[in-house]
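Everything on this sheet refers to the single structure shown next.
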Amino acid sequence: QVQLVESGGGLVQAGGSLSLSCAASGSIFSIRMGWYRQAPGKQRELVADIYSGGSRNYADSVKGRFTISRDNAKNTVYLQMNSLKPEDTAVYFCKYTDYVGKNYWGQGTQVTVSS
């Protein structure tokens, strides 16, 4: 059974940086890995994703500040977040999509940016 375990969330001041990681246990080849976030009272939204070939997409709100990367050997996806803003405060979730389109979600990690 595949499980995703996230780490790296926390509290940081505006302008600071945090790095998130999400590691998969179990056998999975992920076509697409992504990070989503959900702030209180808001819908979950895509932050960034990366495909097995290396192409990346970013939400406009994080372009130039966040960087997504993956290590296929470790089955791990990372999100480097720089120049954090209070509006980046949310629970961040990772999602893996396998080659048949099945999705797996992590449990979420809280990111809080103070002003």
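Some values worked out for this structure:
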item	result
Overall form of the stretch 57-102 per C-alpha gyration tensor (a/c, 1.5; a/b vs b/c)	prolate
Efficiency of FRET between V100 and R44 - r from beta-carbon atoms, R0 35 angstrom, step 0.05	0.95
Relative contact order (%) - criterion: Cα under 8 Å, at least six apart; region: the chain	36
Residues of the chain: accessible area per residue with a 1.4 Å probe, Å²	52
Estimated FRET transfer efficiency (T112, F29; beta-carbon r; R0 30 Å; 0.05)	0.35
Percent of beta bridges antiparallel (DSSP, the chain, rounded to nearest 5)	90
Share of carbon and sulfur in the accessible heavy-atom surface of the chain [1.4 Å probe, %]	48
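The values are calculated or read from the model by the stated rules, or taken from the named source; none is laboratory data. Quick caveat: nothing in here was measured; it's all calculated off a predicted structure. Cβ: placed from backbone, ideal geometry, glycine included. Neighbour counts: every protein chain shown. SASA here: full protein model, heavy atoms, side chains in, ligands and nucleic acids out. Shrake-Rupley method; radii C 1.70, N 1.55, O 1.52, S 1.80 Å.
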